[in-house]
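**Q** Mind having a look at this structure? Questions to follow.
The values are calculated or read from the model by the stated rules, or taken from the named source; none is laboratory data. Nothing here was measured: the structure is a model prediction, and the numbers come from that model. As a convention, Cβ positions derive from the backbone with ideal geometry for all residues, glycine included, and neighbour counts pool all protein chains shown.
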Amino acid sequence: MNEPRWYGIVAEFEAASSLVEAARAAREAGYRRFEAYTPYPIKALDEIVPSWNLVPPMVLAGGIFGGIGAYLMEYLIAAKLYPINVGGRPLDSWPAFIPITFELTVLFASFAAFFGVLFLCGLPALFHPLIQLPEFVRASDDRFFLCIEATDHRFDIRRTAAFLYDQSPAGVWEIEHP
């Protein structure tokens, strides 16, 4: 019989302060892959819940690629492939290349931001494992959830569940991947 593939363990809390304390305890216990789900933003969670924001480097890379690509494209077309001498001007006149270089830099950076956010959010996703939990529907109403993911290096199904039970939650559930 196959062992179930876990997504993580979820704990439900009735108050925001309980969630913040549980998240702080998870951070101090060495957990790094966990997420908090709340009906409204909680400022104290910003420093506690780890976040990896890869969007700025992706946008920078897209902008650099777009700018260099645009300049090289214009230089190759104007100076090498189809040189046309207009009024004695130099073929590789960089001031004439600046507007298109700028436009393509912005365009590629925008594409990198858009598709990077889609990719990093896991979209398009028609299903998330936490939807299996009937109680999770209250995450957008009046409950607070903390999910420690199975991809965490300290994750052990029994020890992690015992850790979350020690935080006095309203409930703890093991979530499987479908």
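**Q** Does the range 52-92 hold any residues that are more than 30 Å from Arg32 (Cα to Cα), in a loop (DSSP other than H, G, I, E, B) and in contact (Cβ under 8 Å) with a residue 12 or more places away in the chain, and which are they?
**A** Passing the criteria: Leu91, Asp92.
**Q** Name the residues in the range 20-50 that are within 16 Å of Val10 (Cβ to Cβ) and of a type in the set (Lys, Arg), would you?
**A** Within the range 20-50, just Arg33 meets the criteria.
**Q** Would you please name the residue that is modelled with the lowest pLDDT, looking only at residues in the range 19-58 that are over 17 Å from Phe136 (Cβ atoms) and of a type in the set (Ser, Thr, Tyr)?
**A** Here the residue is Ser51.
**Q** Condition (residue is over 30 Å from Ala161 (Cα atoms), basic (Lys, Arg) and loosely packed, with under 12 Cβ neighbours inside 10 Å) applied to the range 78-85: is it met by at least one residue?
**A** Yes - at least one qualifying residue is present in the range 78-85.
**Q** In addition: From the residues in the range 107-126 that are free of Cβ contacts under 8 Å to residues at least 24 places away in the same chain and more than 12 Å from Gly62 (Cβ to Cβ), which one is nearest to the chain's Cα centre (by Cα)?
**A** This residue is Cys121.
**Q** Just need a number here: residues in the range 104-162 that are assigned to a strand (DSSP E or B) and of a type in the set (Asp, Glu).
**A** Qualifying residue count for the region: 1.
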